[in-house]
Amino acid sequence: MIGRAFGLSCEGCHMFSIVLATATRFLLPLLLLLSVYLLVRGHNEPGGGFVGGLVAASAFSLYMIAFDVEKTRRLLRAEPRALVGAGLLVALGSAGVSPVLGKPFMTGVWLERTLPVVGKVGTPFLFDVGVYLVVVGVCLMILLTVAEE
Amino acid sequence: MTNILGVALPAAMLLLTSTIFMAFVRLMKGPSFPDRVVALDIMTTVAMGLIGLYAMESGEVIFLDVALFLALVSFLGTVAFAYYVERRQLRTGSGE
């Protein structure tokens, strides 16, 4: 097999298409990059945590179709359930910053300085990161469970 | 230039819209499952064209991003359908 020479093989896979597998290897990093781009620009322009999370989940589902569920779990490293929990904790943490500074709960707190790539950083952005993690976690939990049957 | 666009944009939109309707008829009637998948793929592709035309007409660059994401998602949908068809063939042992 030509695929095996390039490390493109899948032993226990149901069906394996070398075209799809090769395309996935290039598309997966691009899609993940796109999702992060959407997340970062979300505060000022169309985008945000939800859309970014959906794009990231679609990237992983493409990997799941090209290879199999077991490989996708290994690629993801974390349990989808853990991602959901982490996202909720991050969102809660972003809400808890303002009471420490003596402002009402969930008030947006922004850094004075702007970071080079991200722009202004504040608790709304942190909240968006939480949404991103929750969306990725929930979508992948559903997809992986359905695919495992 | 703007004169040509003023005629060409609505005409192209009309043509693409009629294409969507024709693909929809195929989606409803399609004798076999793959026919329906191809019809759905055509519909999303034409929708991308429509979005591009609308971006030209309104001058909003942001709509092109929408077309990009639609392209990604529809590609994924078609691949998933193909996966499903192939799996069904493997299970029943016959091509439909």
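Taking the accessible area of segment A:93-142, probe 1.4 Å, and keeping the other protein chains in place, the carbon and sulfur fraction comes to 72%.
Expressed as a fraction of 2.2 N^0.38 Å, the C-alpha radius of gyration for segment A:2-148 is 1.24.
Extension gain, residue A:82 to residue A:103, is 4.5 nm, computed as 0.36 nm per intervening residue step minus the present C-alpha separation.
At 222 nm, what helix-only mean residue ellipticity would chain A give, in deg cm²/dmol to the nearest 500, using -39500 (n - 2.57) for each DSSP H run of four or more?
One gets -21500 deg cm²/dmol as the mean residue ellipticity at 222 nm.
The aspartates and glutamates whose alpha-carbon is closer than 17 Å to the alpha-carbon of residue A:103, local same-chain residues fewer than 8 away aside, are A:112. Note that chain A presents 59 Å² accessible area per residue, ligands and nucleic acids not counted, probe 1.4 Å. Separation of segment A:15-33 from segment A:96-118 is 39 Å, based on Cα centroids.
Work out which residues of segment B:63-86 lose at minimum 40 square angstrom of accessible surface when the other protein chains are put back, relative to the chain isolated, with a 1.4 angstrom probe, and list them by number. With the partner chains in place, segment B:63-86 has these residues losing at least 40 Å²: B:69, B:72, B:75, B:76, B:79, B:83. Taking amide H positions as modeled 1.01 Å from N, with prolines and chain starts lacking one, the residues under 5 Å from residue A:121 and 5 or more places away or on another chain are A:111, A:115. Mean residue ellipticity, 222 nm, helices only, chain B: the sum of -39500 (n - 2.57) across DSSP H runs of n ≥ 4, divided by residue count and rounded to 500, is -32000 deg cm²/dmol.
By accessible area, using a 1.4 Å probe on protein heavy atoms only, segment B:1-82 has 78% of its surface on carbon and sulfur.
The B and A chains share an interface that buries close to 1300 Å² of accessible area, total over both sides, probe 1.4 Å. Computed from point charges on the beta carbon alone (+1 for Lys and Arg, -1 for Asp and Glu), the dipole magnitude for chain B about its Cα centre is near 460 Debye.
Given +1 at the Cβ of Lys and Arg, -1 at the Cβ of Asp and Glu and no other charges, the dipole of segment A:2-148 around its Cα centre is 240 debye to the nearest 20.
In units of the rule-of-thumb radius 2.2 N^0.38 Å, chain B shows an alpha carbon radius of gyration of 1.36.
The values are calculated or read from the model by the stated rules, or taken from the named source; none is laboratory data. What you see is a predicted model, and the numbers here were worked out from it, not measured in a lab. Ideal geometry is used to build each Cβ from the backbone, glycine not excepted, and the neighbour counts take in all protein chains shown. Remember, those area values only see protein heavy atoms, side chains included, never the ligands or the DNA or RNA. Shrake-Rupley method; radii C 1.70, N 1.55, O 1.52, S 1.80 Å.
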